[in-house]
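Asker: My structure is below; once you've seen it, I'll send some questions.
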């Protein structure tokens, strides 16, 4: 079996010695041993940047591996997960492997735009891959941003958040991910350029151009407004992956008009809700320009991935299947107090139906479950040795949970 260094992830090569622990499940190559010795005892490598060793694991990832990780946490959205996996893979291949092929061709950065309803998994995908790759991520809400000089947050504060996520390590921050949520909320007021200042719409989009494209940006180290007496930190955004997301409510009507479907009137074609949601997959750049996103910004968001609205079956899967599924979390909470939680299939379907009615997507499932579980969790410490059964009537508030005494108490 080929030994792989547990620290830098490099496989053993001929002539390279490995340090092995007693259990023979962890290995350290001689290069990492030397670097650790120098780091601790001083010498020429005392200030060596050991954070770059994490890059070795990123170098060996594949799109399939990334999608498998996303499949463990995000239900459905196969097309978007593939697009995101390929985008992240190509991005880090561009950073770490571009010089493997010796020629004059330079690979450009491919930023990503997610379009999908609220609670469909846009933010979760970015968080999941950032956690898996152990890279810093900054998630910000575009609605709080304004053009420089006006009340609100400066666009550069996004990079301050990224630097804070990287624990102040500038090199690590320059290889991180920035997720700008609610991009649709900063669409300009009309297709024509406004005579008055649109400081929280078009102004923010113009300010985003510089940092998304790739440039050296001066940022205030502690966030807040720029002041002349502050010392700025310079961050190069060339290798930062920007992922933008938004629900883009009303985009389907714009697509409808483009493909020649009547939006209003007696002769409009009757389509199901699912067919209407699938129209988002037909989105083109012109549709987003009509929506209010400026062409210059769209030109810097090269990959457009659309997400489907979640149906009832998807909601039930979200409750039960992912690694950190909501139901699994509640089962663990009950197990800690010596009780066992059982939720029947009809109850799960009812919870899913309520989430769809509220139009809050997957994130609405948690609040519904909290409402259902509140009273029973209040009494949970006294329910050791009981099975707690949740039925459809419990979800509807017609009955209380069924308590069944276990025959044998688990130790």
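Asker: Return the residues of region 68-82 that are within 23 Å of residue 107 (Cα to Cα) and surrounded by fewer than 21 Cβ atoms within 10 Å (Cβ to Cβ); say none if nothing qualifies.
Answerer: Listed by number, the list holds a single entry, 82.
Asker: Using the structure shown, decide if residue 362 is surrounded by 13 or more Cβ atoms within 10 Å (Cβ to Cβ), at pLDDT below 90, closer than 26 Å to residue 123 by Cα and not assigned by TED's automatic domain parsing to the domain that holds residue 72.
Answerer: Values: surrounded by 13 or more Cβ atoms within 10 Å (Cβ to Cβ): yes; at pLDDT below 90: yes; closer than 26 Å to residue 123 by Cα: yes; not assigned by TED's automatic domain parsing to the domain that holds residue 72: yes.
For residue 362, the condition - surrounded by 13 or more Cβ atoms within 10 Å (Cβ to Cβ), at pLDDT below 90, closer than 26 Å to residue 123 by Cα and not assigned by TED's automatic domain parsing to the domain that holds residue 72 - is met.
Asker: While we're looking at this one, here's another question. For region 15-25, check the following and say yes or no: at least one residue is touching a helix residue (DSSP H, G or I) at 6+ places or on another chain (Cβ under 7 Å) and at pLDDT 80 or above.
Answerer: Here is the first cut: in region 15-25, the ones touching a helix residue (DSSP H, G or I) at 6+ places or on another chain (Cβ under 7 Å) are 16-17, 19.
Checking which are at pLDDT 80 or above leaves us with 19.
The answer is yes; a qualifying residue exists.
Asker: Please state which of the following conditions residue 384 fails to meet, knowing it meets all the rest: (1) exposed (fewer than 15 other Cβ atoms within 10 Å of the Cβ); (2) within 29 Å of residue 124 (Cα to Cα); (3) touching a residue at least 24 places away in the same chain (Cβ under 8 Å).
Answerer: Condition (2) is where residue 384 drops out.
Asker: Okay, next question. Can you tell me which residue is farthest from residue 332 (Cα to Cα) among those in region 389-404 that are in contact (Cβ under 8 Å) with a residue 40 or more places away in the chain and in contact with a helix residue (DSSP H, G or I) (Cβ under 6 Å, 6 or more places away or on another chain)? I'd like the intermediate steps shown before the answer.
Answerer: Taking region 389-404 first, the residues in contact (Cβ under 8 Å) with a residue 40 or more places away in the chain are 389-392, 394-396.
Add one more test, that the residue is in contact with a helix residue (DSSP H, G or I) (Cβ under 6 Å, 6 or more places away or on another chain), and what stays is 390-392, 395.
Values: 390: 16, 391: 19, 392: 21, 395: 20 Å.
Per the criteria, the residue is 392.
Okay, residues lined up against (1) within 25 Å of the chain's Cα centre (by Cα); (2) more than 25 Å from residue 73 (Cα to Cα):
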| position | (1), (2) |
| --- | --- |
| 323 | yes, no |
| 340 | no, no |
| 358 | yes, no |
| 363 | yes, no |
| 382 | no, yes |
| 394 | no, yes |
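Asker: Let me ask something else. Considering only region 283-322, state which residues are without any contact (Cβ under 8 Å) to a residue 60 or more places away in the chain and in a loop (DSSP other than H, G, I, E, B).
Answerer: Within region 283-322, 284, 299, 311 meet the criteria.
Asker: While we're on this one: Can you tell me which residues in region 317-339 are under 16 Å from residue 390 (Cα atoms), surrounded by fewer than 19 Cβ atoms within 10 Å (Cβ to Cβ) and touching a helix residue (DSSP H, G or I) at 6+ places or on another chain (Cβ under 6 Å)?
Answerer: At the first step, the residues of region 317-339 found to be under 16 Å from residue 390 (Cα atoms) are 319-320, 326-335, 339.
Within this subset, residues satisfying the condition of being surrounded by fewer than 19 Cβ atoms within 10 Å (Cβ to Cβ) are 320, 326, 328-329, 331-333, 335.
Within region 317-339, 320, 326 meet the criteria.
Asker: Would you mind stating whether residue 198 is part of a loop (DSSP other than H, G, I, E, B) and either at pLDDT 80 or above or surrounded by 21 or more Cβ atoms within 10 Å (Cβ to Cβ) (or both)? Talk me through it step by step, then tell me what you get.
Answerer: On the way: part of a loop (DSSP other than H, G, I, E, B): yes; either at pLDDT 80 or above or surrounded by 21 or more Cβ atoms within 10 Å (Cβ to Cβ) (or both): no.
No; evaluated as a whole, the condition is false for this residue.
Asker: Return yes when residue 126 is closer than 30 Å to residue 312 by Cβ and touching a residue at least 60 places away in the same chain (Cβ under 8 Å) and no when it is not.
Answerer: Working: closer than 30 Å to residue 312 by Cβ: yes; touching a residue at least 60 places away in the same chain (Cβ under 8 Å): yes.
Yes; evaluated as a whole, the condition is true for this residue.
Asker: Related question: So which residues in region 261-316 are farther than 30 Å from residue 367 by Cα, surrounded by 12 or more Cβ atoms within 10 Å (Cβ to Cβ) and modelled with pLDDT under 80?
Answerer: Once the filter is applied, which keeps residues that are farther than 30 Å from residue 367 by Cα, surrounded by 12 or more Cβ atoms within 10 Å (Cβ to Cβ) and modelled with pLDDT under 80, region 261-316 yields 261, 271.
Asker: Can you tell me which of 170, 212 is farther than 21 Å from residue 305 by Cβ and either modelled with pLDDT of 90 or more or outside the structural domain of residue 92 (by TED's automatic domain parsing) (or both)? Before the answer, list the steps.
Answerer: Values: 212 fails: farther than 21 Å from residue 305 by Cβ.
That would be 170, the only listed residue that is farther than 21 Å from residue 305 by Cβ and either modelled with pLDDT of 90 or more or outside the structural domain of residue 92 (by TED's automatic domain parsing) (or both).
The values are calculated or read from the model by the stated rules, or taken from the named source; none is laboratory data. Everything numeric in this text was worked out from a predicted model, so none of it was measured. Note: ideal-geometry Cβ built from the backbone for every residue, glycine included; neighbour counts use all protein chains shown.
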